[in-house]
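Take a look at the structure below.
Nothing in this text is a laboratory measurement; each read-out follows from the coordinates by a stated rule. Since the model is a prediction, treat every value here as computed from it, not as a measurement. So basically every Cβ, Gly included, is an ideal-geometry build from the backbone, and we count neighbours across all protein chains shown.
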Amino acid sequence: MSMADDDKVTYEVPIGPIHPALKEPFMIKFKLEGEEIVDADPHPGMNHRGIEFMGMHRNPMKVIPLAERTCGICSIVHQHMYTTAVEHAVDIVPTQRARYIRTIMMELERIHSHVLWAGVAAHEIGFDTHMHFTWKIREKVMDLLEAISGNRVNYSMWTFGGVRRDITEDMYPKIEETLDYYAELYDKLEDIFLGDPSIRHRTKDIGILTKKKALELCGVGPTVRGSGVKKDVRIDQPYAAYPDLELDYVLPSRYGYENIGDVFSKTVVRLKEILQSIDLIEQCVEKMPEGEITSEGNKAALFNKLKRASGEGIGRLEAPRGEAMHYVRLTEDNEDVDCWKIRASTYNNLATYAPMFMGEQIADIPIIAACIDPCIGCMDRAEIVNLDTGEKKKYSKDELHELSVQKTEDILGGIDI
Amino acid sequence: MNSDELPLSLEELEEYFVAELEDGLESIETEEIEKGLSKKTMKLIWMKIDRDNFRDAVKAISEIQVPHLSVASGSDKGDFIELIYHFMVNYGYPEEETAVNLKVELPKYDLTIPTITDIVPGAITTEREKQEFLGIDVKDIPDDRRMWLDENYPDDRYPWRWDKTGMEDMSRHVHEKEQTFEEPVSERVDKEEDGD
């Protein structure tokens, strides 16, 4: 607490790491004058797991499953960026059919992520009925992802040169059914999030990010498209099958809204992108070329090639949360990945928090914090040192095991198991 | 640069950088990769620049368009540390976006680089990250606090370094063996002792 010259009292309020807005550990320190926010200072790093460091101690093949575990929701995104970066570095060309399968998977994940975000946003403003509704309809796309890949999360579909599982014609009816399901429900979703007066009241003119600030701070994704910035890697620098598809920038102005950059604008962008994704998957299914699903069928030969390969590459895409990229370098004298840099969307959007919070009320902190669709797991990536700061004691594996056995026994109250 | 002239083709960009940076440019390469059935290309430029001309290069990029800095990646290459600033230009123009990758090499005995936050305010996150993960001193950085690593993490160890300031001995089998590094003394304890 400090006294300003004009007798205004400034309070410092840390919010997090266990947060009313996010289920992930993340802290923002706020400076408040009464109810008004005058400064916001994000403190990330509570979820640092050293994924880049671990990757630099593994061979390129082993890093594929590691890369997708960077994040649970956007695991496809990190898998795709890593594999394309290595493909770029060692000149592997994925097959055309694989490009289309990758695109279908990435767009399904975008539907999944945006529906999930809509639920989180409803929860932040106290509308839990809508949260349950959106999370219920999210199950359908997860079922489809499971039907295609075998997994509900961490799909393990990618490999160098293509994908590991095909999308065959007998899966088309299931895909169509899921897309129809979302197309039918879309009007209801839009009616809730754009039409409901109480949601409008909580999101309109709240957390404004101006176009100038969005550009200066290098923001990405729906966060800046809501401010009218035309940035979308799928169009600007198309990858996978996007060069063959028809799509346009999703800006609120295209649908009769203003590009203000408030929470409402960002909601419009995310909802309209669900419709865009449905359209893109339909285009992919229609245009899907015949052929092999991977250009590197011989795994042993590929492994040997990667061992001796040298080069550097960039994998870049438009994740549901915005542009993200990986940089990979392989060298001849190092069998492991020599350098790996992950850059997730939230990393760049972190800087946009301060201007969005400025001048807003305490009650709006959760929804503004959620409006960039933050993904702390992606952004943080590492926790290395195992220290108990209170007692300065390090536990060995055996001690930890003993402690957990002790805890179980305490809970069971001596019941023999 | 006038916005009417955008988007610039790969050749125009190359000519522009050669003219702007003259002798400061150590090397420049362009690359195009075909994507999809329609054979559209992904465009990249790789530039290597001396540290003294680094800010001029960033200014040259910022004159094309408000620069989009994706990230700065960095790695330990023995005697020097290589930083690559990945900029994007021509965004907002379908299929025209070009990645401009700016490489700078910093010798281990003088790991300093000027800040670019006055030209690209969004660079602050990545500059702070380079300070704590590679031990680079970013001159005139507006905010030099630690961002990602735990406050108990030693000050003189850097996770992405391969030399003795790296963290090889700290990381392997963290749960299985006693860690060999010295436990750092937290700042708060120091202050209390000073007070006494």
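In table form, for the structure just shown:
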read-out	value
A:Asp41 paired with B:Ala19, simple spin-label distance in nm, labels 7 Å along Cα-to-beta-carbon	4.6
Distance in nm between pseudo-label sites at B:Glu34 and A:Ser253 (7 Å out along the Cβ direction from Cα)	3.7
Chain B - Kirkwood radius from inverse mean 1/r over Cα pairs (Å)	19.2
Highest-first arrangement of A:356-366, A:178-188, where packing means the average Cβ count within 10 Å	A:356-366, A:178-188
A:Glu12 versus B:Ser3: modelled label distance in nm, points set 7 Å from Cα along the beta carbon direction	4.1
Average beta carbon contacts from partner chains per residue of B:157-165, 10 Å cutoff	2
Highest to lowest packing among A:242-248, A:106-112, scored as the average C-beta count within 10 Å	A:106-112, A:242-248
Euclidean distance of C-alpha centroids, region A:78-103 and region A:131-188, integer Å	20
Average partner coverage of A:93-106, which counts Cβ from other chains inside 10 Å	1
Cross-link pairs beyond the 27 Å C-alpha cut-off, checked among A:Lys231/B:Lys108; A:Lys231/B:Lys39; A:Lys23/A:Lys136; A:Lys29/A:Lys266	A:Lys231/B:Lys108
Phi-based couplings in Hz for region B:151-164 (Karplus 6.51, -1.76, 1.60; Gly and Pro marked x)	5, 7, 5, x, 6, 9, 10, 10, x, 9, 9, 9, 8, 5
5 angstrom amide H check on A:Glu323, placed H, neighbours 5+ away	A:Gly221
Shielding score for A:224-236, defined as the mean number of other chain Cβ atoms within 10 Å	3
Paramagnetic label zone (point 7 Å from Cα along Cα-to-C-beta, A:Met142; backbone N under 11 Å) in region A:109-129	A:116
In Hz, Karplus ³J(HN,Hα) per residue of region A:130-145 (6.51, -1.76, 1.60; θ = phi - 60°; x = Gly, Pro)	5, 4, 5, 5, 5, 6, 5, 6, 5, 4, 4, 6, 5, 4, 5, 4
At 1.306 mPa s and 10 °C, Stokes diffusion of region A:62-349 via Kirkwood alpha-carbon radius, µm² per second	81
Phi-based couplings in Hz for region A:203-219 (Karplus 6.51, -1.76, 1.60; Gly and Pro marked x)	10, 5, 6, 10, x, 7, 10, 6, 4, 4, 5, 4, 6, 4, 8, 6, x
Residue-span extension gain [A:His201 to A:Asp410] - 0.36 nm each, minus C-alpha spacing	70.3 nm
Packing-based exposure ordering (other Cβ within 10 Å, fewest first) of A:His114, A:His201, A:His48	A:His201, A:His48, A:His114
Principal axis box of region B:15-111, alpha-carbon based, largest edge first, Å	49, 27, 21
Cα pair distances exceeding 44 angstrom across the protein assembly as shown, given as percent	19
Sum of side-chain charges, A:Arg164 neighbourhood, beta-carbon under 14 Å (Lys, Arg +1; Asp, Glu -1)	0
